[in-house]
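Below is one structure, written out as structure tokens; comments come after it.
The values are calculated or read from the model by the stated rules, or taken from the named source; none is laboratory data. Quantities reported herein were computed from a predicted structural model and do not represent experimental measurements. Heads up, the Cβs are rebuilt from the backbone with ideal geometry, glycines too, and the neighbour counts pull from every protein chain shown.
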Amino acid sequence: MATSLLSDPLADDDALDTYIYQYLRALTAHEVGHVLGLRHNFLGSTLLAPEELNDRAATRQRGLVSSVMDYFPPNLAPPDSEQGDYFPVTVGLYDQWAIEYGYRPFPQALPHQAQQQLQQIAQRSPAPELAYAADEDIWNFIDPMANAWDLQQ
Ligand SMILES: [Zn+2]
């Protein structure tokens, strides 16, 4: 249904393969994120400005979203615009940060040293690219940016 909105919807097999591959890769990353203990993050799609969404230089460096734990629609370029990635091709900055907090080993650290290092990781949480909103946040309407199925800033 999403691809039917394209002016030249996945005209060749390579484009269709790319669309399917990117979707399966992002979906797999999302589900593996759950296996590793991550919850949904419905601010993941607020990373980029609309004009950056189809700029592969931006999306390949920072990610299309800050978290693959968001629910995001296919990224479809406006008519007469170059199509970027349809789905995230890398895990997001938030995902990397959350996994670092949960899984970074501190093999040489004493317990209090490990705790200090974890606090240093946690202190990065105010960074905009690490914004977080869980499932309950899209139902309480406090943050209008916390949404599922959007790609908006
Ligand atoms: Zn999920």
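Side notes on the structure shown:
- Within the span defined as segment 64-80, one or more residues are more than 16 Å from the ligand (Cβ to nearest atom), at pLDDT 95 or above and either among the hydrophobic types (A, V, I, L, M, F, W, C) or touching a Lys or Arg at 6+ places or on another chain (Cβ under 7 Å) (or both).
- Number of positions in segment 39-60 that are surrounded by fewer than 19 Cβ atoms within 10 Å (Cβ to Cβ) and either part of a helix (DSSP H, G or I) or out of contact with any Gly (no Cβ under 8 Å at 6 or more places or on another chain) (or both): 9
- Being within 19 Å of Val32 (Cα to Cα), at pLDDT 95 or above, under 21 Å from the mean Cα position of the chain (by Cα) and loosely packed, with under 11 Cβ neighbours inside 10 Å holds for only one residue in Tyr132, Tyr103, Tyr94, and it is Tyr103.
- Within the option set Leu27, Leu110, being modelled with pLDDT of 95 or more and of a type outside the set (Val, Ile, Thr) holds for one residue only, Leu27.
- The listed residue being free of Cβ contacts under 8 Å to residues at least 60 places away in the same chain, acidic (Asp, Glu), out of contact with any helix residue (DSSP H, G or I) (no Cβ under 6 Å at 6 or more places or on another chain) and under 30 Å from Ala114 (Cβ atoms), out of Glu31, Glu51, Glu82: Glu31
Quick grid of which residues meet (1) touching a helix residue (DSSP H, G or I) at 6+ places or on another chain (Cβ under 7 Å); (2) among the small types (Gly, Ala, Ser); (3) under 12 Å from Phe42 (Cα atoms):
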| site | (1), (2), (3) |
| --- | --- |
| Ala114 | no, yes, no |
| Ala122 | yes, yes, no |
| Leu130 | yes, no, yes |
| Glu136 | no, no, yes |
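- Check on Ser67, exposed (fewer than 13 other Cβ atoms within 10 Å of the Cβ) and either basic (Lys, Arg) or within 22 Å of Asp150 (Cβ to Cβ) (or both): no
- Selection of segment 121-143 for residues being in contact with a Lys or Arg (Cβ under 8 Å, 6 or more places away or on another chain) and touching a residue at least 60 places away in the same chain (Cβ under 8 Å) yields Glu129, Leu130, Ala134, Asp135.
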